[in-house]
Each structure stands twice: as structure tokens, then as C-alpha cells.
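Report on one structure; see the data block that follows.
No lab work stands behind these numbers, since they all come straight from the coordinates. Since the model is a prediction, treat every value here as computed from it, not as a measurement. Reconstructed Cβ throughout: ideal geometry from the backbone, glycine too, with neighbour counts over all protein chains shown.
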Amino acid sequence: MAKTICTILGVAFLLAGILGFVAPGLLGLHLSLAHNLIHIISGAAALYFGLAGTLASARLFCLVFGAVYLLLGVVGFLAGGDKQHTIAGITHAGTTDSNLLQLLPGSLELAMRDHGLHILLGIVFLIGGLITKADVRHAVD
């Protein structure tokens, strides 16, 4: 299951990264240059583990990546504040968000929809890692 999750979400991350250059405010997300590059790199890594990695490495990737994304989403909700968007070119620029987390102001900002999506993706990756057999040395997936 971990390899399947990595493959499907790897493609999704790559598409999100590419689409973010065309539509930076897609679905109310904050797809800046930095955010798009992170999506492309994450997608390439996930796709590698899904297609060329071992089942054990795909499982580990799902667990680690899922934990990081889940934590990022939770931290976004807890640490985000009532701030003004500062990324130029995004439809929300200049507006205020009650849950904005400015990791790199003007370059990488995450708002409520980003946090929710990160939590969802974290859960999906964690499920993929957790339901993959713990003893993957002899598994073929």
C-alpha cells in the first residue's frame, strides 16, 4: 500500500507544483514559487519511492513524510495568526487571514486551507505507511 500511496500522491504533488505556476491561488491555496518547488521536489521523491524504491523505503517515506505533513498542518492551525498575505501575484495578497503562518514572509505563507490539506495528506501518508506490513523484507507489494 505504501508504494501505491507514494505513486498516486507523488503524481498529485508534481501536478500541484506545476499547476501552481499557472494558477497560484488555485482552490484558495498559496502556491508561491517556493511552495511550488517544495511540491515538485516532494512529488519527485514520493514518486521515486513509489516506483523505484523498495517496499520498506516507501513505508518509511510514508511514515516520515506523513508525520511531517501532519505536524505542519497542526502547527499551522496553532501558530498561525491574524496576519496580512504578502506574496505578490496571489489573489489573496493584501488581505488578512486569521490563521496565516508566514514561514518565509513574501515567499512561503500557509493559510487555513493549506493547513487542512496538509493534515489530510499527512493522515493519508501515515495510513499508507501503517497498513503496510511491518516486516517488509519478504514482501513484494
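Structure summary
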item: Degrees separating the helix 112-130 axis from the principal Cα axis of the chain, which is the longest one; result: 10
item: Cleavage-rule hits (trypsin sites (Lys or Arg not before Pro)) in region 1-108: DSSP loop, at most 15 neighbouring Cβ within 10 angstrom; result: none
item: Candidates 29, 15, 70: whichever shows maximal mean-square fluctuation once the chain is modelled as a Gaussian network with Cα springs under 10 Å; result: 15
item: Karplus-derived 3J(HN,Hα), 6.51/-1.76/1.60, for each residue of region 103-110, Hz, glycine and proline x; result: 5, 9, x, x, 10, 9, 10, 10
item: Dipole of the chain, positive end: most advanced residue of 124, 104, 50 [Cβ charges, Cα centre]; result: 50
item: Overall dimensions of the chain by Cα: Rg and Dmax, Å; result: 16.0, 54
